[in-house]
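See structure below.
Bear in mind these aren't lab numbers, they're just calculated from the coordinates by the rules spelled out. A quick note: this is a predicted structure, and the numbers were derived from the prediction, not measured. Using ideal geometry, Cβ is built from the backbone for each residue, glycine included, and neighbour counts are taken over all protein chains shown.
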Amino acid sequence: MDQSNTNKEKKVSRSEIEDCFKWRLEDIFDCDESWEKEFGRVDGIVESLSAFRGRVVESDESLLSVLQLSDELGLCFERLYVYAHMRMHEDTRVAKYQEMSGRIEQMGSSVSAAHAFVVPEIVSASPDVVWGFVEKNPGLALYSHLLDDVLRLKKHVLSESEERLLALFGDVARTPRVVFGMFNDADTVFPKIVGEDGSSVEVTHGNFGRLMKSKTRRVRRDAYEALYATYLKHKNTLAALLNASVRKEIVYSSVRGYESPLHAALMGDNIDVEVYFGLLDAVSSKTHLLCKYVKLRAEVLGLKDGIHKYDLSVPFVSDIDRTYSFDEAKSLVRDALRPLGEKYLQIVDEGFSSGWIDVFETEGKRSGGYSWGAFGTHPYILLNFEGTLNDVFTLAHEMGHAVHSHLSMESQPFVYAEYKIFLAEIASTVNEVLLMRHLLSKAEDPALKVFLLDHFVQQFRGTVFAQSLFAEFEKNIHELGSKNVTLTAEVLAEQYGGLVEKYYGKDLLCDDGLSVEWGIVPHFYSPFYVYQYATGFSAALSFSEKILSGDSESVERYFGFLRAGNSKYPLDVLRDAGLEMVGGSPVRQGLGVYEDLLSDLKHALGNL
């Protein structure tokens, strides 16, 4: 059975999917019993680590032992956590993996509590003492950057008892995110609509994007209303969850002595807050370009009664709206990535053929897509592939994450293998840009060129403008929360609606869906994350331009970025690779590219 070109309206069961389209989690643990055995090791490691309580900086040997035990505990926990959650993501309804995920979540609090004494004891010592230990003991040289990072945050570290108390509240603190995830992925079912061919279509997270590209406006409208009407029924619950999440961030940042939750979030990666504000300033100065695009869409699509959010994704050229088999998608992605060289392509080939990817949407499967994994094994990719061009870009995007992780884990020890979030979206977006440039370079048909240029423009809309809107919304609601304003559904709708008008202009008609769109963004439960999509996209454009120039030195510097992991602070990793993010220069350069693309798109439309 060829499942590589599926376009089914009804989700199938996992048992109906061939093994070659499933990831191979056995590479982490060969069976659930092995997971249980590893789970049983944790208490022993915790006990060994706890034996150093009060003695972390007693000597260079004790400091080294503590850091090595911390690594052992962290790696053990990571493997347990990743396996349990990825098993659950295969089918979120399976009680066994819900239970395993719940157990490892609970263990997370215990593991955090077990570590609670380490950092306070390190920062309690004089920096001269710590660096004296590093000079004396060659084994500590590995941890120099880690120790610098710990000492940098000294004033925000609490006493051991306070750190332990916060760690024990970890499960409670995660409740809004966990509840939202179960509500969104496991419990929420959307109504069926009538599809383009008159058949009944179940709206799902996985097919919603495709339905928004339907050439039949009635289908787009019905799918949009089916999804958002479902969330509207629960708007007060969603508001309460988001309000609780914001309150938690305010409390935690205040307890640790940060100026705000924003400062707390950025300080962890040593990101200058001017990077955040520089992004918002740069994008705010160019929102008229997005308004121009919305107006162009309304004109080209002939929407005399006004343009809605469900009109923003339908392709201008309907006869180019084709689907791709998974084999075709892999071939396209591979060809596009050739400028990165054979070393890169060898890793991509391994990912395609060695059980890295879980391809198709199935009943109960987690929505969306991601790349994840644990140190010591290869990365993994979750997809919900339906064959759209967007799905091809998702494959390229997630493979960028996977190769980044692979090279980082290959080049760095466990302590530095996980690159910081600020860097996380750059490699993935480089792949997307290379794919787009590859497709455009081969587009001879005017209609295809329009299709691709609009897709590129849509990437800007979804990655730079939309994520900056989200970032500004997050900033605003955390500021309101800090003023003790309760974030009700009405307050959130007012804040979000005002930003939608600012970014998209008055030509975009407001509707009930926009009044609850704030409630369906999972990333709001990981605050001040989304701005990095926009900065990452801008950095990726800069890297891509250099890579496509054919400059081998630029490619090698990019590989240096991919291998660096967390061995330096993120802004320094980018500086080493030739990018300076403070000041917003890459963002402004990227917005210049967007302006050129709009001009190219308008010209291409005139050639149809």
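Quick check on segment 325-381: what does the Kirkwood estimate of hydrodynamic radius come out to from the alpha carbon pairs, in Å?
Roughly 12.9 Å, rounded to one decimal.
If packing is taken as the average number of other Cβ atoms within 10 Å across a peptide's residues, how do 346-353, 387-394 rank, most packed first?
Output ranking for 346-353, 387-394: 387-394, 346-353.
So for Lys442, Lys420, fewest C-beta neighbours within 10 Å to most, what's the order?
Lys442, Lys420
Only Lys, Arg, Asp and Glu count, each charged at its Cβ (+1, +1, -1, -1), so figure out the dipole size of segment 280-424 about its Cα centre, rounded to 20 debye.
For this selection, approximately 600 debye.
Mind giving me the nanometre distance, one decimal, between the label points for Arg338 and Ser482, set 7 Å out from Cα along Cα→Cβ?
Rounded to a tenth, the inter-label distance reads 5.2 nm.
Rounded to two decimals, what is the ratio between the C-alpha radius of gyration of segment 31-173 and 2.2 N^0.38 Å?
After normalising by residue count via 2.2 N^0.38 Å, the value is 1.17.
Order these by the 10 Å Cβ neighbour count, fewest first: Thr237, Thr362.
In order of increasing Cβ crowding within 10 Å: Thr237, Thr362.
Considering only Gly565, Asn431, Leu67, whose Cα is most displaced toward the positive end of the charge dipole of the chain, charges sitting on Cβ of Lys, Arg (+1) and Asp, Glu (-1)?
Result: Asn431, furthest along the dipole toward the positive end.
Would you mind working out the magnitude of the charge dipole of segment 31-173 relative to its Cα centre, with +1 at each Lys and Arg C-beta and -1 at each Asp and Glu C-beta, to the nearest 20 Debye?
It comes to approximately 200 debye.
Give, in whole angstrom and from largest to smallest, the semi-axes √(5λ) of the equivalent ellipsoid of segment 82-143, with λ running over the eigenvalues of the Cα gyration tensor.
One finds semi-axes of 40, 14, 6 Å for segment 82-143.
In terms of the ratio Rg/(2.2 N^0.38 Å) built on C-alpha atoms, what value belongs to segment 445-573?
Normalised Rg, Cα atoms only: 1.36.
Taking the beta-carbon count within 10 Å as an exposure proxy, list Leu453, Leu608 from fewest neighbours to most.
Neighbour counts put them in this order, fewest first: Leu608, Leu453.
How big is the antiparallel share of DSSP beta bridges in the chain, given as a percent to the nearest 5?
60
Angle, helix 389-411 long axis vs. longest principal axis of the chain, Cα atoms, 0 to 90°, nearest 10?
Between the helix axis and the principal axis of the chain, the angle is about 20 degrees.
Which GluC sites (Glu not before Pro) from segment 440-544 combine a DSSP loop assignment with at most 13 other Cβ atoms within 10 Å?
Glu444
Using only the alpha carbons of segment 10-63, what is the convex hull's orientation-averaged projected area in square nanometres?
If I average the Cα hull's projected area over directions, I get 7.2 nm².
Sort 379-386, 164-171 by the packing proxy (mean of other Cβ within 10 Å over each peptide's residues), most packed first.
With the highest mean Cβ count within 10 Å placed first, the list reads 379-386, 164-171.
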